[in-house]
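Asks: Please find one structure pasted underneath; my questions will follow.
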Amino acid sequence: MRVNRFIIVGMSASLISLSAAQAAEPPIYLGVDISYANEMDDCGAVYKSGGASVDQFRFFKSAGANVARIRIWNDPDWTKYSNLADVKRSIKRAKQAGMQVLLDFHYSDDWADGDKQIAPKAWAKLSTQDQAKALYAFTHDTLVELDREGLMPELVQVGNETNGEIVSSLAKAKEPIHWDRNALLFNAGIKAVRDAGKETGKPPRVMLHIAQPENAEPWFAAATKAGVTDYDIIGLSYYSKWSKRSMAQLGQTIDRLRHTYAADVLVVETAYPFTTENADTSPNLLGEDSLIAGYPATPAGQQKYLVDLTQLVLSSGGTGVFYWEPAWVSTKSCGTRWGKGSNWENAAVFDYKGQDNGSAEAWLKHAYVLPVEVTFKTKATSEAAFIDGDFLAGVGPRPMTREGDAFVYRTRLAPGTSVTVATATTAAGVADASAVTATVGQRASVVRVGE
């Protein structure tokens, strides 16, 4: 197969601030999970910026965040937070601040994560079929009720860090996934979101979420084989403490995922400590074991981590980064089951006096280099067409999509990227290869191959 090289050249302004209004397609999500917001306010937490007290939602919106991520549990009788009433309160605050909302269904009465997916007590003894019906109803009815109050989220997670089998038990978390059962439950949740979107005329985008990049590729391969395919976004958690992959390897994983599946990819959870000191008696979850060389546990190190990670995600074709609980600070009146205060105060973006430490604005208003939207296009003179090149990160060749009288393949490439590309078409079992030399510029480009 003959190949030539072409250069992706920069936009008219190679650096664009994501805090400014712009028509990025797909959207660039810069989000914050502030599910603790109401609890923190009720506990008397004080947040300051420039010496003045600030509302959490309005502070993060002003700093440049465009999405608030909010978790929901089924029936958390051990707390009055993260139930539907609390979620309504949070979504209302987010929308009043001008932010979109990502609603994160945990499908549990307590924390669901990469190590456990414990069924809600009301579902625990149901058959798999009845659990699927219950999951559908809970998802659908929650969204419809939110819409009635003008609170429909723009994005919905069907499960949180669903590495193991969902709606299960601690014992099942240690077993291989039963994908016939798992797929039934996932597809019930996805269908509930789709149906609620159709009924209300406000269809949310669907995200599936896996903890740590090394787990994502085998999980999505198994999910696809089992018939779980109707989703819009792949969300990844990335914490160096719990991941076996470096930041560079995270970027490579994102690149492969976005070329393998018809979905956007983003980091929906990450965090970094600005200190390893403790402000209370509750142990910090992110300590010395969470540090990466070149990123000290200081406000400047925290800021550098967030900026570098976000640029890596965007340069790899990803669509954004969310910070997990940047406002979970320590308070004197509240705590967790593990101690008084917070387990996360050293990874918040407020110091121990409640003052904004500068990380939110430094991260969210940084001038990132955005990827260029590129469409490869060739005439439909055969039964099928495939594209390959080094920009596919080893996952190619990829099939092109038939659109009218042409085959197309769409991707995003960083300005200044030099790539090698070739296409091949087949007709009646005979392959014909063609290649192109082209220059791609500005915000969007079409590269015509063999025309």
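Taken together, the values in this text are just the output of simple stated rules run on the coordinates, not laboratory data. This structure is a prediction, so every number in the text was calculated from the model and none was measured. Note: ideal-geometry Cβ built from the backbone for every residue, glycine included; neighbour counts use all protein chains shown.
Asks: Give the angle, between 0 and 90 degrees and rounded to the nearest 10, that separates the Cα long axis of helix 179-200 from the longest principal axis of the Cα atoms of the chain.
Replies: Helix 179-200 sits at roughly 90 degrees to that axis.
Asks: Treating the beta-carbon of each Lys and Arg as +1 and of each Asp and Glu as -1, no other charges, what is the dipole magnitude of the chain about its Cα centre, to the nearest 20 debye? Don't jump to the answer; show the numbers that get you there.
Replies: Values: 46 positive and 51 negative charges, 124 e Å.
It works out to roughly 600 debye.
Asks: Sticking with this structure for a sec: Between the helical axis of 128-148 and the dominant principal axis of the chain, each derived from Cα atoms, what acute angle in degrees is found, rounded to the nearest 10?
Replies: Its long axis makes an angle of about 80 degrees.
Asks: Could you give me the ³J(HN,Hα) list for the stretch 345-353, computed from phi with Karplus coefficients 6.51, -1.76, 1.60 and θ = phi - 60°, whole Hz, x at Gly and Pro?
Replies: In residue order, the calculated couplings are 4, 7, 10, 6, 10, 10, 6, 6, 9 Hz.
Asks: On to the next question. Size of the dipole of the stretch 315-394 about the Cα centre, Lys and Arg at +1 and Asp and Glu at -1 on the beta carbon, nothing else charged, in debye to 20?
Replies: 380
Asks: Still on this structure: Normalising by the residue count of the stretch 217-347, find the relative contact order in percent from Cα pairs under 8 Å and 6+ residues apart.
Replies: 29 percent.
Asks: How many angstrom separate the Cα center of the stretch 285-300 from the Cα center of the stretch 308-369?
Replies: So the two Cα centres are separated by 13 Å.
Asks: Could you tell me which of A362, P176, P27 has its Cα farthest along the dipole of the stretch 22-366 towards the positive end, charges placed at Cβ (Lys, Arg +1; Asp, Glu -1), taken about the Cα centre?
Replies: Result: P27.
Asks: Find, among the trypsin sites (Lys or Arg not before Pro) in the stretch 23-118, those assigned to loop by DSSP (not H, G, I, E, B) with at most 14 other beta-carbon atoms within 10 angstrom.
Replies: When the trypsin sites (Lys or Arg not before Pro) of the stretch 23-118 are filtered for loop state and at most 14 Cβ neighbours within 10 Å, K80 remain.
Asks: Right, next: Where does the chain land at 222 nm, in deg cm²/dmol rounded to the nearest 500, when only DSSP H runs of n ≥ 4 count, each adding -39500 (n - 2.57), divided by all residues? Walk me through the intermediate numbers first.
Replies: Details: 9 runs with 118 residues, N = 451.
Mean residue ellipticity at 222 nm (helix-derived): -8500 deg cm²/dmol.
Asks: To continue, here is another question. At q = 0.21 Å⁻¹, what is the log10 ratio I(q)/I(0) for the stretch 197-307, with the Debye formula run over Cα points and no solvent?
Replies: Reported log10 I(q)/I(0), two decimals: -1.09.
Asks: OK, next. Counting only residues 5 or more places away or on other chains, whose amide H sits under 5 Å from the amide H of V158 once H atoms are built in the peptide plane?
Replies: Sorted by chain and number, the residues that satisfy this are M207.
Asks: Identify all lysines with a Cα-Cα distance to K92 below 18 Å; exclude those on the same chain that are fewer than 8 residues away in sequence.
Replies: Straight-line reach from K92, under 18 Å: K61, K80, K202.
Asks: Given a cut-off of under 8 Å on Cα pairs at least six residues apart, what relative contact order in percent is computed for the stretch 22-366?
Replies: Answer for the stretch 22-366 is 19 percent.
Asks: Take every DSSP beta bridge whose two residues both sit in the stretch 22-366, then give the antiparallel share in percent to the nearest 5.
Replies: 15
Asks: I've got another one for you. Identify which of the listed values of volume of the Cα convex hull per residue in Å³ was calculated from the structure shown: [x] 163; [y] 153; [z] 212.
Replies: It is the one labelled [y].
Asks: Then there is this: If the cut-off is a Cα-Cα distance under 16 Å, which aspartates and glutamates reach K377, setting aside same-chain residues fewer than 8 apart in sequence?
Replies: Candidates past the 8-residue exclusion: D388, E403, D405, D432, E451.
Asks: Considering only DSSP states other than H, G, I, E and B, which GluC sites (Glu not before Pro) in the stretch 354-418 qualify as loop sites with at most 15 other Cβ atoms within 10 Å?
Replies: Passing both the DSSP loop test and the Cβ count: E383.
Asks: Continuing with the same structure: How much of the DSSP beta bridge set in the stretch 189-337 is antiparallel, as a percent to the nearest 5?
Replies: Antiparallel bridges: around 10 percent, rounded to the nearest 5.
Asks: May I pose another question? Taking amide H positions as placed 1.01 Å from N in the peptide plane, with prolines and chain starts having none, which residues 5 or more places from G339, or on another chain, fall under 5 Å of its amide H?
Replies: Here nothing satisfies the definition.
Asks: Using modelled amide H (1.01 Å from N, peptide plane; none on Pro or chain starts), what sits under 5 Å from the amide H of S49, excluding residues fewer than 5 places away?
Replies: V54, D356
Asks: How would you order 275-286, 326-337 from highest to lowest mean count of nearby Cβ atoms within 10 Å?
Replies: Highest-to-lowest ranking by the protection proxy: 326-337, 275-286.
Asks: Round to the nearest 10 and give me the degree value, 0 to 90, for the angle of helix 299-315's Cα axis relative to the longest principal axis of the chain.
Replies: 30
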